[in-house]
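Please read the structure below before turning to the comments.
The values are calculated or read from the model by the stated rules, or taken from the named source; none is laboratory data. Quick caveat: nothing in here was measured; it's all calculated off a predicted structure. For neighbour counting, all protein chains shown are included, and Cβ atoms are generated from backbone atoms with ideal geometry for every residue, glycine included. Note: accessible area is taken over every heavy atom of the protein model, side chains too, but ligands, DNA and RNA are not part of it. Shrake-Rupley method; radii C 1.70, N 1.55, O 1.52, S 1.80 Å.
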Amino acid sequence: MPVVLSPQFSCEPPSDCESVWRGATLVTMQDGHYNLIENGVIAVTDGKIVWTGSADHCPDFPAAKVHEFEGGIITPGFVDCHTHLVFGGDRSAEFEQRLNGVSYAEIAAAGGGILSTVNATREATEDELLAQALFRLQPLLAEGVTCVEIKSGYGLSVESELKMLRVIRRLGVMLPVEVKSTCLAAHALPPEFKGRADDYIDLICDTLLPVVAGENLADAVDAFCEHLAFSPAQVERVFNAAEALGLPVKLHAEQLSSLHGSALAAQHHALSADHLEYATAEDAQAMAASGTVAVLLPGAYYLLRETQCPPVDEFRKYGVPVALASDANPGTSPALSLRLMLNMGCTLFRLTPEEALAGITCHGARALGLQDTHGTLEAGKVADFIHWPLSRPAELVYWLGGQLPCTVVFRGEVRGEFRS
C-alpha cells in the first residue's frame with residue numbers, strides 16, 4: 001500500500017477554508033490505488049476539497065472549523081453506479097418458489113418474472129414508487145453511498161417510463177445524495193409488443209427519448225443486449241437516437257451469452273458496459289481503447305448461481321477500468337449493501353481489495369462520467385468522503401455483512417441519519 005506524504009493540490013494552497021478534517025489516514029484512491037496519506041488533512045470550501053495532504057505540510061487555516069478524528073481511515077464517498085431502485089412491488093414470493101423447485105418458465109407462465117414487476121410499476125403512482133425507492137435507498141446511504149445511478153426499465157411504455165424517471169429525479173432533489181438518472185426503456189419487450197420488437201424500438205427512439213431529453217429526465221441511456229432482450233442492431237438504433245439528442249450511452253452486455261455488445265458499446269464510446277460474464281479478450285481490447293468502464297455485478301451472479309466469471313484478467317491485461325455496483329433490482333439482485341459487493345467482488349471474481357474499493361470510488365465515478373468531480377480525495381473534487389474507525393482499507397472488504405460505524409460527509413457537511 002503506497003504512502004503519499006506530500007500535499008495534494010493543483011495550484012497554490014488556499015489562504016483560507018471553511019472546514020478542516022484531520023486525524024485519520026486518507027485513502028485517496030487516486031489512479032485506482034489506495035495512495036495513503038498518513039495523519040492526513042482535508043480542507044473544504046463551498047462543498048469542494050481545496051487541499052489534501054499530511055498534517056506535517058498543512059497550511060494554516062485560522063478561520064476553519066476543525067473536525068478531529070481519533071485515528072481510522074477516510075475514503076472517498078461510495079459510488080453505486082448501476083441500480084434499479086425504482087420499481088413496484090417485489091419478487092420475494094418468486095424467490096421462494098424457485099428455491100422450492102418451481103422453474104422460471106413456470107413462474108413466467110403464471111404471470112411472474114419481469115412482467116410482474118412491469119405490471120406493479122405501471123399500476124403504482126409516483127408517490128408509491130417514491131416511498132418504495134426510499135425504503136431501498138436508505139440502507140445504501142447508511143453505509144456511505146454518496147452517489148447513485150438509478151435506471152428506469154420496468155415501465156416499458158412512454159407513460160410509465162417517464163413516471164419512473166420523474167421519481168428518480170425527485171429522489172435526487174429530496175435526499176443528500178448525488179443521483180444520476182438513466183433511461184433503460186430498452187430493457188425488455190413489453191407484452192403489448194410481443195413479436196414486434198422493432199416497433200418498440202421505434203417507439204423508444206422516435207417518441208420516448210425526445211421527451212426524456214426535452215424534459216431533462218435522464219443523464220444517460222441504457223439497453224439490454226441479449227438473446228432474450230434486444231439484438232446488437234436494435235441496440236445500435238437506440239444508441240444512435242440517444243447520441244443525436246446529446247445523451248451518453250451504456251449497456252447491459254454479455255451477461256448470459258456473447259453477442260459482443262460490449263464491443264458495440266465501445267464503438268459508441270459508452271460510459272460503461274455492465275455484467276460482462278461472457279465478454280472476450282477482443283471486447284476488453286475495444287473497451288480499453290474507448291475508455292469504456294467494465295461494471296461488474298456480483299449480486300446477480302450470486303443469486304443466479306452463475307459459473308461463468310467475467311474475464312477480470314483480460315480487463316487487467318488491457319487496462320480496462322473495473323467498477324463494482326449493487327445492481328439492486330427485484331429479480332436477480334435484491335442487494336441493499338454496496339459494501340457486501342466489495343466482498344463478493346473479491347471472493348467470487350478474484351478482485352483484490354484495492355481493485356474492489358477502486359470499483360466503488362474512482363472507477364464507479366468514471367462509469368457515470370463523473371471522474372472529474374467524484375471518486376477520489378484530491379483538490380477540486382466534491383467533498384464527499386467517509387470516516388471509518390478501521391485500521392486499514394481491506395477491513396471494508398473483510399467484514400461480511402452488518403453495518404460498520406461511519407461518519408459520512410456529503411458536500412462538506414456531515415450527513416445525518418435519514419429516515420423515510
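Data for the structure
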| item | result |
| --- | --- |
| Within a Gaussian network of the chain (alpha carbon springs, distance under 10 Å), most fluctuating of 144, 291, 345 | 291 |
| Accessible carbon and sulfur surface of the stretch 360-418 relative to its total accessible area, %, 1.4 Å | 50 percent |
| Tilt relative to the chain, helix 232-244 - C-alpha long axis, 0 to 90 degrees, to 10 | 60 degrees |
| Estimated distance in nm for a label pair at residue 267 and residue 404, the labels positioned 7 Å out from Cα along Cα-to-Cβ | 4.3 nm |
| Accessible surface ranking that places the most exposed of 137, 203 first, with a 1.4 angstrom probe | 203, 137 |
| Linear extension gain, residue 243 paired with residue 57, 0.36 nm per residue minus alpha-carbon span | 62.3 nm |
| Highest-first arrangement of 327-334, 393-400, where packing means the average Cβ count within 10 Å | 327-334, 393-400 |
| Candidates 53, 101, 71, ranked by Gaussian network fluctuation over the chain, Cα under 10 Å, top entry | 101 |
| Sites matching trypsin sites (Lys or Arg not before Pro) across the stretch 271-359 that sit in DSSP coil, with at most 13 neighbouring C-beta atoms within 10 Å | 305, 350 |
| Helical contribution to [θ] at 222 nm, DSSP H n ≥ 4, -39,500 (n - 2.57), averaged over the chain, rounded to 500 | -9500 deg cm²/dmol |
| Listed candidates [x] 19.6; [y] 21.5; [z] 22.7 - label of the one calculated as mean projected area of the Cα convex hull in nm² | [x] |
| Accessible area expressed per residue, the stretch 153-198, with surrounding protein chains retained (probe 1.4 Å, Å²) | 36 Å² |
| Cleavage-rule hits (chymotrypsin sites (Phe, Trp or Tyr not before Pro)) in the stretch 41-78: DSSP loop, at most 10 neighbouring Cβ within 10 angstrom | none |
| Among 274, 90, 283: highest mean-square fluctuation, GNM of the chain, C-alpha pairs under 10 Å | 90 |
| Nearest-20 debye value, the stretch 69-128 charge dipole, Cβ charges on Lys, Arg, Asp, Glu | 280 debye |
| Surface per residue (accessible, 1.4 Å probe) for the stretch 277-337, Å² | 37 Å² |
